[in-house]
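Participant: Here it is: the structure, laid out below.
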Amino acid sequence: MSEHFTEILRAASEPAWSDAVRHRFVNELFAGAVPDAVMARYLIQDHRFLDSFLTLLGATLASADTFEARVRFGRFIGMVSGEENTFFLRAFEALGVTEDRRTADPDTQPTAGFKAIMREAAETRSYAAALSVLVVAEWLYLDWASRAPQPLPVNFVHAEWITLHDNPGFRGFVDFLRGVGPHRPRARGSVPRLFPAGRRPRTLFFEAAYPDRT
């Protein structure tokens, strides 16, 4: 999966990619203006598919074709299950989101769709398919987060959600994703279908956080 190949896939995902990067939620996040109720709904749903994301990462690690790649994925799995998950727990406490609510709130349609995409990619046991969905999930996070103006919002829930997705380590991981993977055309068979599929659910995921858009 070369950078040239991922650029082709990104171009194929427009205009949904740009719609997500410029979404109302992103703009309000940068301004520290996301209402607590909206942020709570958003984070509940984002945390909801963390299990599917770790499943996808595990499948990617298992199907990676070099030791160096497996080490890189292992480190990222540690970050997601450690630092990122801890952020969610701190944010839920700050927003007054109880464990009962986190369990009771149903998956929104975009959450269910994105979870299904990640698990489908994991079940293919295809390194290329798994990488394609990881690029979807991570490159878009980096793209919107890297546009944040300075200074960042005062509220740590807003600021840390941005910095989790715009820091040297995360940038390096996205660059790694874009530059690794199988280059045989046959190995890419399911990638063009899975990659664009992840774009629209992400835009809808932002929209679902707002009561007036669901």
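Participant: Can you tell me the 0 to 90 degree angle between the C-alpha axis of helix 3-12 and the longest principal axis of the chain, rounded to 10?
Facilitator: 60 degrees
Participant: Per 0.36 nm of contour for each residue apart, how much would the distance between residue 107 and residue 154 grow if the chain were fully extended, relative to their Cα-Cα spacing?
Facilitator: Answer, rounded to one decimal: 14.0 nm.
Participant: Then there's this: Please report Rg (one decimal) and Dmax (integer) in Å for the Cα set of the chain.
Facilitator: My reading of the Cα-based Rg and Dmax gives 16.6, 49 Å.
Participant: Same structure, new question: For the chain, set up a Gaussian network in which alpha carbons nearer than 10 Å are linked by springs, and say which option among 64, 20, 11 fluctuates the most.
Facilitator: Evaluated over the chain, the most mobile residue of the options is 11.
Participant: Based on the Cβ-Cβ distance from residue 75 to residue 37, what FRET efficiency comes out when R0 is 35 Å, to the nearest 0.05?
Facilitator: Working: r = 35 Å, r/R0 = 1.00.
In this case the efficiency is close to 0.50.
Participant: Given the peptides 119-126, 161-168, arrange them by the average over their residues of other C-beta atoms within 10 Å, most packed first.
Facilitator: 119-126, 161-168
Participant: Rounded to the nearest 10 Å², what accessible area does residue 157 show when all protein chains are kept and the probe is 1.4 Å?
Facilitator: Number for this one is 0 Å².
Participant: Continuing with the same structure: For the range 1-89, run through the trypsin sites (Lys or Arg not before Pro) and keep only the ones in DSSP coil with at most 16 other Cβ atoms within 10 Å of their Cβ.
Facilitator: 22
Participant: Something else now. Place a +1 charge on the Cβ of each Lys and Arg in the chain and a -1 charge on the Cβ of each Asp and Glu, then give the dipole magnitude about the Cα centre in debye, rounded to the nearest 20.
Facilitator: Computed about the Cα centre, the dipole is about 680 debye.
Participant: For the chain, what does the helix formula give at 222 nm: sum of -39500 (n - 2.57) over DSSP H segments with n ≥ 4, over the residue count, nearest 500 deg cm²/dmol?
Facilitator: Counting only the DSSP helices, I get -21000 deg cm²/dmol.
Participant: Another one. Restricting to Cα pairs below 8 Å that are 6+ residues apart, what does the relative contact order work out to for the chain? Please round to a whole percent.
Facilitator: Averaging sequence separation for qualifying contacts and normalising by length gives 40 percent for the chain.
Participant: Something else now. Kindly report the accessible area of the chain per residue (heavy atoms of protein chains, probe 1.4 Å, no ligands, DNA or RNA), in Å².
Facilitator: I get 45 Å² per residue for the chain.
Participant: Can you give the extra length, in nm with one decimal, that the chain gains between residue 163 and residue 65 once fully stretched, where that is 0.36 nm per residue apart less the Cα-Cα distance?
Facilitator: 32.3 nm
Participant: Could you sort 47, 23 by their accessible area in this structure, using a 1.4 Å probe and putting the largest first?
Facilitator: Largest accessible area first, the list is 47, 23.
Participant: How far apart, in nm, are the 7 Å Cα→Cβ label points at residue 171 and residue 21?
Facilitator: About 1.5 nm separates the two model spin labels.
Participant: Shifting gears a bit: Let me know the volume per residue of the alpha-carbon convex hull for the range 3-116, in Å³. Show your work: numbers first, answer last.
Facilitator: Numbers: hull volume 16.1 nm³, N = 114.
Considering the Cα atoms of the range 3-116, their hull volume per residue is 142 Å³.
Participant: If you don't mind, there's one more thing I want to ask. Within the chain, what whole-number % of the accessible surface is contributed by carbon and sulfur, with the 1.4 Å probe and all protein chains included in the calculation?
Facilitator: Summing carbon and sulfur atoms, their accessible area is 54 percent of the total for the chain.
The values are calculated or read from the model by the stated rules, or taken from the named source; none is laboratory data. As the structure is a computational prediction, the values presented were derived from the model and not from experiment. Every residue, glycine among them, receives a Cβ derived from its backbone with ideal geometry; neighbour counts consider all protein chains shown. For the accessible areas, the whole protein counts, side chains as well, though only heavy atoms, and no ligand, DNA or RNA atoms are used. Shrake-Rupley method; radii C 1.70, N 1.55, O 1.52, S 1.80 Å.
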